[in-house]
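See below for the structure under consideration.
The values are calculated or read from the model by the stated rules, or taken from the named source; none is laboratory data. Just so it is clear, the model here is predicted, and its values are computed rather than measured. Neighbour counts are summed over all protein chains in view; Cβ atoms, including those assigned to glycine, are modelled from backbone coordinates with ideal geometry.
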Amino acid sequence: MLHSPASPEGHLLPLIGERARTRGDEPALGFVEDGSGTTRTLSWSEVESKAWRARKAFEARGLRPGDRVVLALPTSEAYLSSLLGALWGGLVPSTFSTLSGPATSPGVTSEWRGMVESFAPSLVVGENVPPAVEVPVLSPAEVDRFDPGCAPHRSYADLRELAYIQFTSGSTGRPRGLGLGWSGIQANLAAIARRGPVTDADRVVSWLPMYHDMGLFGTLLTALYTGCRGVYLDPSLFAMNPFLWLRLLHEHRATIAVAPPSALQRCIELVRRRRSSLDLSALRTILCGSEPVAPRLVDGFREVLVPLGVPESALKPVYGLAEATLAVTFPPCDRPPRLDRVRRDAFDAFGRAEPATTPAEHDHVWVSVGEPLPGIRVQVVDDEGTVAPPRKVGTIHVRSPSAMRAVLEGGVLQPREGEWLDTGDLGYVADGELFVTGRRKDVIIKYGRNHSPDRLEEVACSTEGVRHAAAFGAYDDQTLTEKIVIVAEARSKELSTAADRDRLRLAVRGQLQDAGYVVDEVELVRKGSLPRTTSGKIRRRRCRELYLENRLGAE
């Protein structure tokens, strides 16, 4: 079992209030307003003032402590104002994606409405809210009309209270709402600050979405908690121009950056293709999580970013999950990433991570995600439910003071049962550090987002001519994330000619795109070709194996 001693807690909101009084004119946070990188900076007093303006707007709408609020806003001053105003007023907010651009597809809009129905909010703060959502809407412009007045500094939420509902990205078919308490959030922020370490001398520049736990807790709330200066750009700006993020890291002399491996790999390829005068020597920490970190990323980091001044020890593969608020493990702060080369035969056949004494071409190489944060315990459990010995693969279980309190079911929070969280992830422990090797379930993770195979198959089968479908992920070593593969069973007449097959592939892609999914490959097989269990259930993993062996339809 891995564990670290707990760190002391402190309340986020009084810290913000104290800085507003003692460091009121000092810069606190900045928000990038456009693709040129123009940044609007807020002082600590402005942060508090905007929070109280939003709190008054909520009170004017009749909201009371405990009421739930959806925040459907881009990364902006309006989001910060609404988030802090809700927290200060004792409301329970949850951040949703904005319904703009690709997110306006019917499938995504339907899922968004389903999340609203599950959350049962009293108010939605945002724009472009679907008319079918029968919940009052408050626009950011309306919030700005309120006078913040004099903030009563002693009015803060109780640490025993529920603070926030974090929705998962849908790994079980539909996003789940997780109830997080103030005490758990505080414990996680304190642990991140201590292990990072993160201090008020640091600067972070982030594009991560605020509806993602790594964006909200890992960048925004950590900065507010520690007093470090944060600069934030909306994910849409990063999607249009990833190099903007790198330029802002350079211009703001950022010391901390956070990104999933696929995004970091994309930036590495950009820098590799163009000559760059970026100076990233101020960076001392790049937290890399939400997807597996591949050895190839570590090599690319050393080859491309280290020459720009980033120390080798800056890259930090980390592990966390929304059910634990966010962070679970960090590697040591003064060491390059640790790679563990193990024998493939022993690993694949027996689940043993035996060190490869003589390196071979097909060895497995895993990257350490470090040790548990203060107050957190991690253990790997075998199929019989007992703690696995070192270097034996099993399911990762976590016990944390930051663990979710409850799960939202039908608008009602059901208390979490049990002391330990079963993460569903597979891994092993070696020399006191955790190595994550995969997922027990069939969830597909592409660019940091979880995709449910059940949902993908459901949409694919709604295409005329498709009888059954299997969805799975296949790792792409070029993008360092999974690609989404759909294998669809169709009637013989739908596969008669090349033109018929092309037409059906396009139809499947179009159906999925309308539902908000971008798939990488659509393979077609004849009726009855998908591998099944004796009870008739499709065997996704066997289908994936046949795909990788180029033998689809062979069984």
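Figure legend. Inter-residue proximity from region 470-485: first residues of a type in the set (S, T, N, Q), second residues surrounded by 16 or more Cβ atoms within 10 Å (Cβ to Cβ) and in a strand (DSSP E or B), beta-carbon distance below 6 Å, spacing 6+ or different chains. Indicated pairs: Thr481/Lys446. Mind telling me which of the residues Gly427, Gly418, Gly411 ends up being without any contact (Cβ under 8 Å) to a residue 40 or more places away in the chain and under 23 Å from Arg176 (Cβ atoms)? Selected residue: Gly418, the only one of Gly427, Gly418, Gly411 that is without any contact (Cβ under 8 Å) to a residue 40 or more places away in the chain and under 23 Å from Arg176 (Cβ atoms). Looking at region 379-426, the strands (runs of 3 or more DSSP E) lying wholly inside it that each contain 2 or more residues that are among the aliphatic types (A, V, I, L, M) and buried (at least 16 other Cβ atoms within 10 Å of the Cβ) sit at 394-399, 406-409. Candidates in region 193-247 are the residues that are aromatic (Phe, Trp, Tyr) and in a loop (DSSP other than H, G, I, E, B); of these, the one that is surrounded by the fewest Cβ atoms within 10 Å (Cβ to Cβ) is Tyr211. Taking the criterion of being closer than 20 Å to Phe238 by Cα, hydrophobic (A, V, I, L, M, F, W, C) and modelled with pLDDT under 95, the only residue of region 279-314 that qualifies is Leu297.
Region 7-97 holds strands (runs of 3 or more DSSP E) entirely within its bounds, and those carrying 2 or more residues that are in the same structural domain as Pro121 (by TED's automatic domain parsing), surrounded by fewer than 20 Cβ atoms within 10 Å (Cβ to Cβ) and touching a residue at least 12 places away in the same chain (Cβ under 8 Å) map to 39-43. Do the conditions hold for Thr226, that is, is it over 22 Å from Ala78 (Cα atoms) and of a type in the set (Val, Ile, Thr)? Here the answer is no, as Thr226 does not meet what is asked. Could you tell me which residue of region 315-356 is modelled with the lowest pLDDT, considering only residues that are over 30 Å from Met404 (Cα atoms) and aliphatic (A, V, I, L, M)? Top of the filtered list is Ala349. Residues in region 170-192 that are part of a loop (DSSP other than H, G, I, E, B) and either touching a Cys at 6+ places or on another chain (Cβ under 6 Å) or among the hydroxyl-bearing types (Ser, Thr, Tyr) (or both): 2 in all.
What about Thr95, is it modelled with pLDDT of 90 or more, within 25 Å of Val32 (Cβ to Cβ), touching an Asp or Glu at 6+ places or on another chain (Cβ under 9 Å) and not aliphatic (A, V, I, L, M)? No; evaluated as a whole, the condition is false for this residue. From the list Leu506, Leu524, Leu552, Leu546, the one residue that fits, being in a loop (DSSP other than H, G, I, E, B), modelled with pLDDT of 85 or more and farther than 30 Å from Asp213 by Cα, is Leu552.
Restricting attention to region 413-449, the residues that are modelled with pLDDT of 95 or more and within 19 Å of Pro260 (Cβ to Cβ) total 2. For region 465-483, the criterion of a residue being at pLDDT below 90, of a type in the set (A, V, I, L, M) and either surrounded by fewer than 14 Cβ atoms within 10 Å (Cβ to Cβ) or farther than 30 Å from Cys288 by Cβ (or both) is satisfied by no position. The residues on offer are Arg377, Arg399, Arg352, and the sole one that is without any contact (Cβ under 8 Å) to a residue 24 or more places away in the chain and more than 22 Å from Thr479 (Cα to Cα) is Arg399.
If only residues of region 138-162 that are modelled with pLDDT of 70 or more and part of a loop (DSSP other than H, G, I, E, B) are counted, the one that is nearest to Ser76 (Cα to Cα) is Ser139. For region 98-108, the criterion of a residue being in a helix (DSSP H, G or I), of a type in the set (Ser, Thr, Tyr) and at pLDDT below 95 is satisfied by at least one position. Of all residues in region 265-317, exactly one satisfies the criterion of being farther than 25 Å from Val342 by Cα, assigned to a helix (DSSP H, G or I) and in contact (Cβ under 8 Å) with a residue 60 or more places away in the chain, namely Arg266. Within region 445-498, the set of residues being small (Gly, Ala, Ser) and either in a loop (DSSP other than H, G, I, E, B) or closer than 21 Å to Val318 by Cα (or both) comprises Gly448, Ser452, Ser462, Gly465, Ser496. Here region 443-453 is the region considered, the condition is being in contact with an Asp or Glu (Cβ under 9 Å, 6 or more places away or on another chain) and not small (Gly, Ala, Ser), and the residue that is farthest from Ile486 (Cα to Cα) is Tyr447. Just give me the residues in region 484-503 being of a type in the set (A, V, I, L, M) and either surrounded by 20 or more Cβ atoms within 10 Å (Cβ to Cβ) or in contact with a Lys or Arg (Cβ under 8 Å, 6 or more places away or on another chain) (or both), in sequence order. The answer is Ile484, Val485, Ile486, Val487, Ala488, Ala490, Leu495.
Listed residues Val436, Val429; which is over 15 Å from Leu321 (Cα atoms), assigned to a strand (DSSP E or B) and not hydroxyl-bearing (Ser, Thr, Tyr)? Checking each option against the conditions leaves just Val429.
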